[in-house]
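The structure appears right after this line, and notes come after that.
The values are calculated or read from the model by the stated rules, or taken from the named source; none is laboratory data. Computed from a predicted structure; not experimentally measured. With ideal geometry, Cβ positions are generated from the backbone for all residues, glycine too; neighbour counts draw on all protein chains shown.
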Amino acid sequence: MRYHAPAMKLWQGLRNRIVMLAIGAAVLLFVVVLVVFEAIRRGEASAALAQQAALVSDVVGELVGELVVARDRAQIEATLGGLVSRGQILGVVVLNAQRTVIATAPGWLRKESRLTVWPGDDARVVMLELRGFPALAHFQPLVARGEIAGGLWLVLNREPLVAANRRFHTVALLLLVGLVGFCMVLATIGAESLVRPLDELGDTVAALGRGELGTRHEARGPEELARLGRRVNRMAEQLEASQAALTRLASDLDRQVRERTRELEESSRRFAAIANTDPLTGLVNRRGLEIELDRYLSLSRRNQQPLAIIMMDLDNFKTYNDRCGHLSGDTVLRAVAAALRGRARASDVVARWGGDEFCLLIPATDPEGALAATRRFVIAVLEAMADLSRADVSAVLGASAGVACYPEDGEEAAELIARADAALYKVKASGGSGVLRASPQWAET
């Protein structure tokens, strides 16, 4: 690059000071960038290794989850042996649902106490040394068939990460030592004439290093220093713009995470509803009823209110189903479900217990009211089935019901269901088409 004579004279007069300023700024920037880069690099490397461990744990969990449920220990150990032979995986420990170790690879991992326990949520990633190897252990619960089947410790080798850190530190130290020595020699020559402008510029850079990105350097003094000051200001503007962009990005990511969380929660609610619903009738199924019964009993105990349980069974339904076909039987079940739903209150729970048997929960109803409600339900069912009965093939449908009341007939869910069921089958045994309240001794006989 060519300079005019005045510029050359200015350059000659300020050459040493420009060199010193450049070197001083380089040292400061080197240290700042080194510290920031090292922190970011180390954090990203550790996070990447932990993420890798989580991904590998998911894959390994899918491989051994069903095997843990099946208790196929030999196949589990064979699978783990194949995994450990793959370089970066140092070992795998598998625990069952009772939180005891059922398989390890290699076998000596059983002696590593930290890897034989079920950790808390805040201790699922552990940094440790295994026989001289730096390692990262990641714990992953094993989920099979929608339930926790056990747990998995996956141990990855951290040696490549540690070696990279050592190489980086060695190179950085050599560079820093060389740069500091060079700067000390030059600073001794030009320090006297550069102290004040360098101090001002150093203060500006230090403020930027602390995150005060609104700080700007007042460009004054020799042209070269002023030019450098303006460059520092441009750097600060770029950093400030980058920080604003990162802030916007973080806000967008946070919004997306919240939306995704809402979607997952909604999906979870939908899946729970599907799991607790009978697909044929749309009523609550047996699993859902058991959940509701526990909840209603808790409310009844807390509020000291009665609760009635009605078990209802269709008379002659098997004969009807055999002679008229399963499609006709399904039509009857849907009609009965619609009739029960139509007669039930908003607070009542109507469920299909199984086959042609239905169960109803009637809260805040005493025994006398429960019997009256049961008769109304039976009448509604008979009306719904009136046009569906087939006298021509001896398939006339009816309905029988047994009633148990809390707390008079029992205080536990299983006890109440057993007694309502006993009352129902006493009606069935006497010819059906009736309603009967439970007696405490029936459940035992």
Practice problem: Please note which strands (runs of 3 or more DSSP E) are completely contained in the range 63-160 and include at least 3 residues that are at pLDDT 80 or above, β-branched (Val, Ile, Thr) and under 22 Å from Gln52 (Cβ atoms). | Solution: 89-96
Exercise. Run Leu299 past the list (1) touching a residue at least 40 places away in the same chain (Cβ under 8 Å); (2) part of a helix (DSSP H, G or I); (3) closer than 26 Å to Ala429 by Cβ and report the number of the one that doesn't hold.
Key: (3)
Quiz item: Given the conditions (1) in a loop (DSSP other than H, G, I, E, B); (2) touching a strand residue (DSSP E or B) at 6+ places or on another chain (Cβ under 6 Å); (3) surrounded by 13 or more Cβ atoms within 10 Å (Cβ to Cβ), which single one is not true for Val350?
Solution: (1)
Quiz item: With respect to Ser268, is the statement that it is modelled with pLDDT of 95 or more, out of contact with any strand residue (DSSP E or B) (no Cβ under 9 Å at 6 or more places or on another chain) and in a helix (DSSP H, G or I) true?
Solution: no
Exercise. Report yes if some residue within the range 382-403 is part of a loop (DSSP other than H, G, I, E, B), touching a Leu at 6+ places or on another chain (Cβ under 9 Å) and under 27 Å from Asp294 (Cα atoms); otherwise report no.
Key: no
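May I ask you to verify whether Arg145 is basic (Lys, Arg), within 30 Å of Phe271 (Cα to Cα) and in the same structural domain as Leu55 (by TED's automatic domain parsing)?
Considered against the rule, which asks whether it is basic (Lys, Arg), within 30 Å of Phe271 (Cα to Cα) and in the same structural domain as Leu55 (by TED's automatic domain parsing), Arg145 comes out as yes.
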Quiz item: Can you find a residue in the range 304-313 that is in contact (Cβ under 8 Å) with a residue 24 or more places away in the chain and loosely packed, with under 14 Cβ neighbours inside 10 Å?
Solution: no
Quiz item: Can you tell me which residues in the range 313-332 are over 22 Å from Ala423 (Cβ atoms) and of a type in the set (A, V, I, L, M)?
Solution: Leu327, Val332
Self-check item: Leading residue by the ranking (modelled with the highest pLDDT) among those in the range 426-445 that are within 46 Å of the chain's Cα centre (by Cα) and surrounded by 16 or more Cβ atoms within 10 Å (Cβ to Cβ)
Solution: Ala438
Exercise. For Ala399, work out the one condition from (1) closer than 22 Å to Asp278 by Cα; (2) under 46 Å from the mean Cα position of the chain (by Cα); (3) crowded, with 17+ Cβ neighbours inside 10 Å it doesn't fulfil.
Key: (2)
